[in-house]
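*Asks:* The structure that follows is given in the form of structure tokens.
No value in this document is a laboratory result; all are computed from the given coordinates. Since we're looking at a predicted model, the values are computed, not measured. Cβ coordinates were reconstructed from backbone atoms using ideal geometry, including for glycine residues, and neighbour counts include every protein chain displayed.
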Amino acid sequence: MRWVWPFLVLLLGGLFWWGMQRNPKELPSVLAQERRPAPDFTLPLLPPYRAEWGETFRLADHLGKKPILLNFWASWCYPACYEEAPVLEAFWRRHRDQVLFLGVNTQDKEADALRFVAQFGLTFPQVYDPRGRVGVDYGMYGVPETFLIDREGRVVKRHAGAVDEGTLEALLQEVR
């Protein structure tokens, strides 16, 4: 019986070490692998976006018009979310006629999210999901994480980590 506890500690330690060696970018997304329909949601828009987009954003209302790039982020996600925010904004300004960007602020305080939005001058719509419910529906592992939804409303790609210009170009090519 004495060997049970050391064995369990070694086993759990080994599993932890193995898990830490995995690259989150390589973790699969069943939604993207099987091109499943994007889970619908309705979330409140952050106040700066309400004049243009309304009080709430329902994903289903925007499906079928153009591809959607769904980006999950949080103000506490440093440095990755801070690195990708200006890249996302610049790409959105150049390609807004081809793809709809939607930011999903998740598991954050609204005041902190508003400071982040102001700091980066984000003009693409941003919704607020303080409990992270939508991220769970999408199988999100952590922030930042980006999902590409095609014109038919199917999730076709998932990108874990900060996106760069090349990644965004490749995602856009997927749905042209």
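*Asks:* Scan the chain and note any complete DSSP helix (H) whose C-alpha atoms cover at least 20 Å along its axis and whose Kyte-Doolittle average is 0.0 or more.
*Replies:* Flagged H segments are 4-21.
*Asks:* Please give the calculated 222 nm ellipticity per residue for the chain, where each DSSP H segment of at least 4 residues contributes -39500 (n - 2.57) and the sum is spread over every residue; nearest 500 deg cm²/dmol? Walk me through the intermediate numbers first.
*Replies:* Values: 7 runs with 69 residues, N = 176.
About -11500 deg cm²/dmol.
*Asks:* Only bridges whose two residues both fall in the chain count here: according to DSSP, what percent of them are antiparallel, nearest 5?
*Replies:* Details: 15 of 25 bridges.
For the chain, the DSSP antiparallel bridge percentage is about 60.
*Asks:* Let me ask something additional. So how do W3, W76 line up by other beta-carbon neighbours within 10 Å, fewest first? List each step's numbers first, then the result.
*Replies:* Details: W3 7, W76 13.
Fewest-to-most ranking of W3, W76: W3, W76.
*Asks:* Quick one: order H159, H62 by neighbouring beta-carbon count within 10 Å, fewest to most.
*Replies:* Details: H159 22, H62 16.
Lowest count first: H62, H159.
*Asks:* Another one. Please enumerate, by chain and number, the aspartates and glutamates with C-alpha under 18 Å from the C-alpha of K157, excluding those fewer than 8 residues away in the same chain.
*Replies:* E26, E34, D40, E84, D137, E145, E165, E169, E174
*Asks:* Would you indicate which of (i) 1.42; (ii) 0.98; (iii) 1.16 is the value of Cα Rg over 2.2 N^0.38 Å derived from the coordinates of this structure?
*Replies:* Only one option fits the structure, namely (iii).
*Asks:* Moving on to the next point. Would you please name the GluC sites (Glu not before Pro) within segment 29-128 that are DSSP coil residues with at most 12 other C-beta atoms within 10 Å of their C-beta? Don't skip to the end; give the middle numbers.
*Replies:* Working: sites: E34, E52, E55, E83, E84, E89, E110; in loops: E34, E55.
Sites meeting the loop and neighbour criteria: E34, E55.
*Asks:* Also, quick follow-up: In what sequence do V143, V134 fall when counting other Cβ within 10 Å, fewest first?
*Replies:* If I rank by nearby Cβ atoms, fewest first, I get V134, V143.
*Asks:* Given a cut-off of under 8 Å on Cα pairs at least six residues apart, what relative contact order in percent is computed for the chain? Intermediate values should be presented prior to the final figure.
*Replies:* Numbers: 268 pairs, mean separation 51.6, N = 176.
Relative contact order for the chain comes out at 29 percent.
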